[in-house]
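Asker: The structure follows.
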Amino acid sequence: MKTELLSTKLPDAIPRAARVLDRGGLVAFPTDTVYGLAAQITNADAVEKLYQAKVRDRAKAIAVLMSSAADLVRVAKNINTAAQRLADHFWPGPLTLVVARHPSLPKILAPTPTIGVRVPDHPDALALMDMSGPLAVTSANLAGDENTRTANDVLAQLDGCIDLILDGGRTPGGQPSTVVDCTTPQIKILRPGPISQGDLQNALS
């Protein structure tokens, strides 16, 4: 496979990436933290390619990225009031919500009936998902290797393993998102991050 590198400044870059995803290919793109690697969320074979490209442990779940909080109903079921409020308040931004997986999504996404979902605060990522819908996304690097912050970083690790890299320049990097379990009546922080417990409680009060 030849990996194509395409600048997001080109007018056809995002539509071309969406077409690659629609036919079951893998696309790397910039987010508000690091570069992500995406597959169509409803295509189990494409999600399997994510695991293969990264040499990722199948026991580790794949997150879901979306373009807006309105997409939450497409990927989750039994969305409680807390999850909806946090999504409306903090998205797009560094908050991942763990919710019950929608039954229409392939089980390969996660070994449990829950998934992590987020709306990244990056224009290229949002433009892609506006066109493609929610995506199965993991960091665009080989398992255990350093996270990638430029398109060339991605190419160095995954050249020949993925279809397309959208070059949107260097990503900010920084602290990973706060991860919050929203599957129980009381929310629980599973991974501390930029959004604190106090921030969460203020949004819910």
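The values are calculated or read from the model by the stated rules, or taken from the named source; none is laboratory data. All figures in this text were calculated on a predicted structure; none of them were measured in a lab. No Cβ is skipped: glycine too gets one built from the backbone with ideal geometry, and neighbour counts run over all protein chains shown. Please note that ligands, DNA and RNA were not included when accessible areas were found on the heavy atoms of the full protein model with its side chains. Shrake-Rupley method; radii C 1.70, N 1.55, O 1.52, S 1.80 Å.
Asker: Just to be sure I understand, how many residues within segment 99-151 are of a type in the set (S, T, Y), at pLDDT 95 or above and over 12 Å from F29 (Cα atoms)?
Answerer: 2
Asker: When the residues of segment 137-169 are narrowed to those that are in contact (Cβ under 8 Å) with a residue 40 or more places away in the chain and charged (D, E, K, R), which ends up nearest to T96 (Cα to Cα)?
Answerer: R149
Asker: Another question about this same structure. Every residue in segment 68-93 that is surrounded by fewer than 18 Cβ atoms within 10 Å (Cβ to Cβ) and not in a loop (DSSP other than H, G, I, E, B), please.
Answerer: Answer for segment 68-93, where residues must be surrounded by fewer than 18 Cβ atoms within 10 Å (Cβ to Cβ) and not in a loop (DSSP other than H, G, I, E, B): A70, V73, R74, K77, T81, Q84, R85, D88, H89.
Asker: Return the residues of segment 40-62 that are out of contact with any helix residue (DSSP H, G or I) (no Cβ under 7 Å at 6 or more places or on another chain), open to solvent by 80 Å² or more (accessible area, probe 1.4 Å) and either in a helix (DSSP H, G or I) or more than 20 Å from D163 (Cα to Cα) (or both); say none if nothing qualifies.
Answerer: Within segment 40-62, D45, K49, Q52, D57, K60 meet the criteria.
Asker: Another question about this same structure. Just checking, does segment 147-160 include any residue being on the phi > 0 side of the Ramachandran plot and among the small types (G, A, S)?
Answerer: Yes, because at least one residue in segment 147-160 is on the phi > 0 side of the Ramachandran plot and among the small types (G, A, S).
Asker: Output the number of the condition that I108 fails; it satisfies all remaining conditions of (1) hydrophobic (A, V, I, L, M, F, W, C); (2) within 18 Å of I195 (Cα to Cα); (3) open to solvent by 30 Å² or more (accessible area, probe 1.4 Å).
Answerer: (2)
Asker: All but one of (1) open to solvent by 70 Å² or more (accessible area, probe 1.4 Å); (2) touching a strand residue (DSSP E or B) at 6+ places or on another chain (Cβ under 6 Å) hold for L164, so report the exception by its number.
Answerer: (1)
Asker: Same structure, new question: Taking the stated definitions as given, is T8 farther than 19 Å from C161 by Cβ, in contact (Cβ under 8 Å) with a residue 60 or more places away in the chain and not acidic (D, E)?
Answerer: yes
Asker: Pull out all pairs, ordered by first then second residue, where Cβ-Cβ is under 7 Å, the residues are six or more apart or on different chains, the first lies in segment 118-136 and is open to solvent by 10 Å² or more (accessible area, probe 1.4 Å), and the second is among the β-branched types (V, I, T) and not in a helix (DSSP H, G or I).
Answerer: Filtered contacts from segment 118-136: R118/T96; H122/T31; D124/T8.
Asker: Output yes when any residue across segment 15-31 is among the β-branched types (V, I, T), out of contact with any Leu (no Cβ under 7 Å at 6 or more places or on another chain), at pLDDT below 95 and not in a helix (DSSP H, G or I), and no when none is.
Answerer: No.
Asker: Can I ask one more? Here is a list of conditions, (1) in contact with a Pro (Cβ under 9 Å, 6 or more places away or on another chain); (2) closer than 27 Å to P11 by Cβ; (3) of a type in the set (S, T, N, Q), and S177 meets all of them except one; can you say which number that is?
Answerer: Only one criterion in (1) in contact with a Pro (Cβ under 9 Å, 6 or more places away or on another chain); (2) closer than 27 Å to P11 by Cβ; (3) of a type in the set (S, T, N, Q) is unmet by S177, namely (2).
Asker: While we're on this one: Among the listed residues L65, L37, L21, which satisfies the condition of being over 13 Å from the mean Cα position of the chain (by Cα), surrounded by 22 or more Cβ atoms within 10 Å (Cβ to Cβ) and not basic (K, R)?
Answerer: Step by step, each of L65, L37, L21 is checked, and only L21 is over 13 Å from the mean Cα position of the chain (by Cα), surrounded by 22 or more Cβ atoms within 10 Å (Cβ to Cβ) and not basic (K, R).
Asker: Okay, next question. Mind checking which residues of segment 94-120 are part of a helix (DSSP H, G or I) and not hydrophobic (A, V, I, L, M, F, W, C)?
Answerer: Passing the criteria: only K107.
Asker: Kindly provide the set of residues from segment 171-189 that are more than 17 Å from the chain's Cα centre (by Cα) and either exposed (fewer than 13 other Cβ atoms within 10 Å of the Cβ) or β-branched (V, I, T) (or both), ordered by number.
Answerer: T183, T184, P185, Q186, I187, K188, I189
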